[in-house]
Amino acid sequence: MPTGFEYAPAPESPAVVDIASSYGLFIGGDFVDPSDGASFKTLNPATGEALSDVSEGSAADVDAAVRAARRAYDRVWGPMSGAERGKYLFRIARILQERAREFAVLETLDNGKPIKESRDVDIPLAAAHFFYHAGWADKLEYAGLGNAGKPAPLGVIGQVIPWNFPLLMLSWKIAPALAAGNTVVLKPAETTPLTALLFAQVCQQADLPPGVVNIVTGAGETGHALSSHPDIDKIAFTGSTDVGKQIARSVAGTRKRLTLELGGKGANIVYDDAALDQAVEGIVSGIYFNQGHVCCAGSRLLVQESIADDVIARLKRRLGTLRVGDPMDKNTDVGAINSAEQLARITALVEAGEAEGATRWSPPCDLPDRGYWFAPTVFTNVSQAHRVAQEEIFGPVLSVLTFRTPAEAVAKANNTPYGLSAGIWSDKGSRVLWTADRLRAGVVWANSFNKFDPTSPFGGYKESGYGREGGRHGLEAYVAAGSED
Amino acid sequence: MSASTTSAPRAGSYVDASSNADLRGWLHGLPPVDQVGLEARAAALGTRSIKTTSKAWAIDTAISMIDLTTLEGADTPGKVRNLCAKARVPDRSDSSTPRVAAVCVYNDMVGVAREALGDSGIHIAAVTTAFPSGRASLAVKLADTQDAVSAGADEIDMVIDRGAFLSGDYRTVFDQIVAVKKICASNPDRPDAHLKVILETGELATYDNVRRASHLAMLAGADFIKTSTGKISPAATLPVVLLMLEAVRDWRDATGTMIGVKPAGGIRTTKDAIKHLVTVNETAGPDWLSPQWFRFGASSLLTDLLMQRHKLSTGAYAGSDYISED
């Protein structure tokens, strides 16, 4: 019997999901072998063990997928009525709910995120995105999107998504594209392709017409083949700012449309009149949710100087209760880093933070001896000049800065090349609104952080990209609207 | 408020309570509470998955924290004696079952309980100060408390004057707690009776009020802060208990003094009790996971805990017919 309250392990069973030893590419409604037979392994980041062999799509495979998408667009999906498309989307949403446990377990195995997050956040939100957009499919004319009230689909959409929320980002991309009448070729991230391949099976189960959704797995080369394919009408990309810039360059001068959802270095502003215990919870969910693998993470804490010591003490005590370890344990709060490469990147930036003179702190925690792990970390004594205050770390690393006045908070929050998200903690409504009006960020959360909803548009300013996803604004990115068409 | 635990000033020197304006300034300067965030945190703590060995530990710990309670107008000496018998031997079929912490009765039943419990070491808690409404003169409240202490109660559960609190008269609430505390310490034959101050959080209406009332009670000398009388709905809720645990944690940080927390009313199942223990563990910390610092005020919770204890040891549910009713 444990002394004190040492929660016994509560592991979720991996038996609910069948992982094939190898996967083909999903093109034209069928799984097909890659043209040159190349494959790569996808790993469980919590153990380092291989889960499956996944096909490496070549330029020829991408071309086949784009042709399948074009055929489906011309013959079936484009001409289909919105009401009919909506039925398919509702069906997919329901199947995602029915198979939620299977998806949650697979997502956690492939990504390393805690099962409680894949189970309670990722999968329910993914289903919600399909439900929400299913409702729009037959109502696009009433969405106020222009084009004399008849928004038309764009055609074939190339979509490239990141590894931090594999199924959720898939649903953010595929649901609005399909609702608006487009067909898609999607490339999931090379480290987290499995839920996309399970989603391909859901498309089959839903009798989605062949070619409407195509999934081509692979790494950067595959993504490049997709974004540079001449018969793509639009590229939608979520990922790093560097890759986003490359894509923007390759698309420049073509007729292709482009939306980019890139990096961030979100400011989380805590005023001295904030509800401190709840603010601490918001700071924790802002940066330690999903191991900090969140583009809109609140990775820069801006706390008013008069309460800084108190807030930091409360935060450190709270971090002592975070449970880091086996992501399949239902009590785990912080799971594994997604890949060895990402772990190396986080480690390098954190070392730079120490070298520049910021103070590094982590709660005592035993990390598993295999797999990729990084303890929740806080940097204090950080200044705007430090790399850890400017560069996106994309890991469980928080930089704490202080401010004295609201104007200084806003100036520091905006002093970043990014502009994706921000948080404001204050008990005073007028101060929240004053601050929100002045922040250059796509999403501003008040007395909360990392809250998502399909009805709410999401996207960035500056180097965080352009275009919006979710809500009516997100639909706009997938239709030919206004006088230009 | 400083988070330092190195210095430990006594409560008296920590805040100036000489006028209502001083008290008001201090209480309204405490960090506010965000309702949405507090309730979300409580809900998240409620989803911890507690299995096997942890559950066995939690059940035994919860049993040892119970203030087994009967507070009915119809209470008789026979009813109280039955309750005391159950407190001494919660489960006749398993002698490894821990005893409860205390029995909690009305003032006039303290003598009966004292006789029935003998030298078992089980505490006797009495509700006083015109429980549950608290609507009586201070003289009556003090006499009520004096009665209970004289009859042998070593724990006093007093109610605050919610009317005074809600009207902003914090000084009256403070003074009454101080006066009752003085009586708790007045009996030369016994060690100081522990003072549990019932805030009746269901009547305080806002979480900000719950935080202020908690700090006010601690400043006035409460040994425990307690949620409810059990006569008002809602009684103990997880967000309120979470908030009070934050209050005692902050209080220790500021003064070095540890104060206990007692949720009372509405906690009937093992599952509920375990959610509370998780909240204690992750909010105030493991130091509070003891009957000295955390209690459950409950009448029927013990039955469910014993049923779950049977289930863990035998693998099967026997049902409530195999647990003594009282």
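The values are calculated or read from the model by the stated rules, or taken from the named source; none is laboratory data. Here the structure is a predicted model, which means the values were calculated and not measured. Methodologically, a virtual Cβ is constructed for each residue, glycine included, from the backbone with ideal geometry; neighbour enumeration extends over all protein chains shown. Ligands, DNA and RNA are stripped out before the accessible areas are found, and what is left, the full protein with its side chains, is counted by its heavy atoms. Shrake-Rupley method; radii C 1.70, N 1.55, O 1.52, S 1.80 Å.
Round to the nearest 10 and give me the degree value, 0 to 90, for the angle of helix A:308-319's Cα axis relative to the longest principal axis of chain A.
For helix A:308-319, the angle is close to 60 degrees.
Cα atoms only: what Rg and Dmax, in Å, come out for region A:17-92?
Both quantities, over Cα of region A:17-92: 16.4, 47 Å.
In whole Å, what three semi-axes, largest first, describe the equivalent ellipsoid of region B:11-98 built from its Cα gyration tensor (square root of 5 times each eigenvalue)?
Largest first, region B:11-98 gives 39, 26, 14 Å.
Under 10 °C and 1.306 mPa s, how fast does region A:12-149 diffuse according to Stokes-Einstein, given a Kirkwood radius computed over C-alpha pairs? Answer in µm²/s, whole number.
90 µm²/s
Please give, to one decimal in nm, the separation of the simple spin-label points placed at residue B:82 and residue A:433, each 7 Å out from Cα toward the Cβ.
Using points 7 Å along Cα→Cβ, the separation is 6.0 nm.
Net charge near residue B:324, counting Lys/Arg +1 and Asp/Glu -1 over other residues with Cβ under 15 Å of its Cβ?
Charge balance near residue B:324 sits at +1.
Run the simple label-point estimate for residue A:356 and residue A:404 please: 7 Å along Cα→C-beta, distance reported in nm.
It is 2.3 nm.
Leaving ligands and nucleic acids out of the surface, order A:129, A:224 by accessible area at 1.4 Å, largest first.
Largest to smallest exposure gives the sequence A:224, A:129.
Mind checking the dipole of region B:122-238: about its Cα centre, +1 per Lys or Arg Cβ, -1 per Asp or Glu Cβ, Debye to the nearest 20?
Working: 12 positive and 14 negative charges, 48 e Å.
Its charge dipole is roughly 220 debye.
Pairs on different chains or at least eight residues apart, Cα atoms closer than 25 Å: how many lysine pairs in region A:85-188 fit?
Value for region A:85-188: 11.
For chain B, just run the numbers: alpha carbon Rg, then divide by 2.2 N^0.38 Å, N being how many residues it has.
0.97
Using a loss threshold of 20 Å², tell me which positions in region B:257-286 are less accessible in the complex than in their chain alone. Probe radius 1.4 Å, ligands and nucleic acids ignored.
Hits at the 20 Å² cut-off: B:281, B:282.
What does the accessible area per residue of chain A come to in Å², with a 1.4 Å probe and no ligands, DNA or RNA counted? Intermediate results must be reported in sequence, preceding the final value.
Details: 17170 Å² over 485 residues.
Ligands and nucleic acids excluded, the result is 35 Å² per residue.
Among B:71, B:277, B:166, which one shows the highest mean-square fluctuation when chain B is modelled as a Gaussian network with alpha-carbon springs under 10 Å?
Of B:71, B:277, B:166, the Gaussian network model singles out B:166 as fluctuating most.
What FRET efficiency do you get for residue A:21 and residue A:317 if R0 is 56 Å and r is their Cβ-Cβ distance, rounded to the nearest 0.05?
The computed FRET efficiency comes out at 0.75.
For residue B:251, what accessible area in Å² do you get when you roll a 1.4 Å probe over the heavy atoms of the protein chains, rounding to the nearest 10?
Roughly 0 Å² of residue B:251 is accessible to a 1.4 Å probe.
Calculated FRET efficiency, residue B:231 and residue A:383, Cβ-Cβ r, R0 56 Å, to nearest 0.05?
On the way: r = 56 Å, r/R0 = 1.01.
So, using R0 = 56 Å, E works out to roughly 0.50.
Using Cα atoms only, what is the angle between the long axis of helix B:138-151 and the major principal axis of chain B, expressed in degrees (0 to 90) to the nearest 10?
40 degrees
With n ≥ 4 as the cut-off for DSSP H runs, can you work out [θ] at 222 nm for chain B, using -39500 (n - 2.57) per run divided by the number of residues, rounded to the nearest 500?
It lands at -14500 deg cm²/dmol.
With everything on Cα atoms, drop me the angle between helix A:166-179 and the longest principal axis of chain A, reported from 0 to 90° to the nearest 10.
For A:166-179 against chain A, the angle is about 40 degrees.
Averaging over every viewing direction, what projected area does the convex hull of the Cα atoms of region A:259-395 cover, in nm²?
So the Cα hull casts an average projection of 9.2 nm².
Test of understanding: express the Cα radius of gyration of region A:424-485 as a ratio to 2.2 N^0.38 Å, with N the residue count.
So region A:424-485 has a normalised radius of gyration of 1.36.
Run through the DSSP bridge list for chain A and note the antiparallel percent, rounded to the nearest 5.
DSSP beta bridges in chain A are roughly 30 percent antiparallel.
In debye to the nearest 20, how big a dipole does the protein assembly as shown give about its Cα centre with +1 on each Lys and Arg Cβ and -1 on each Asp and Glu Cβ?
My answer is approximately 920 debye.
Quick one: work out the % antiparallel among DSSP beta bridges in the protein assembly as shown, nearest 5.
20 percent
With all distinct Cα pairs included, what does the Kirkwood hydrodynamic radius of the protein assembly as shown come out to in Å, to one decimal, could you say?
29.2 Å
Can you tell me the length gained on complete extension of the stretch residue A:75 to residue A:13, counting 0.36 nm per residue apart and subtracting the Cα distance?
18.0 nm
In nanometres, what is the gap between the two model label sites at residue B:182 and residue A:472, each 7 Å from Cα along Cα-to-Cβ?
Each label point lies 7 Å from its Cα, and together they span 6.8 nm.
Using protein heavy atoms only (no ligands, DNA or RNA), what is the total accessible area buried between A and B, 1.4 Å probe, nearest 100 Å²?
Summing both chains' loss of accessible area gives about 2500 Å².
Restricting to DSSP H runs of at least four residues, report the calculated mean residue ellipticity at 222 nm for chain A, -39500 (n - 2.57) per run over all residues, nearest 500 deg cm²/dmol.
Per the formula, -11000 deg cm²/dmol.
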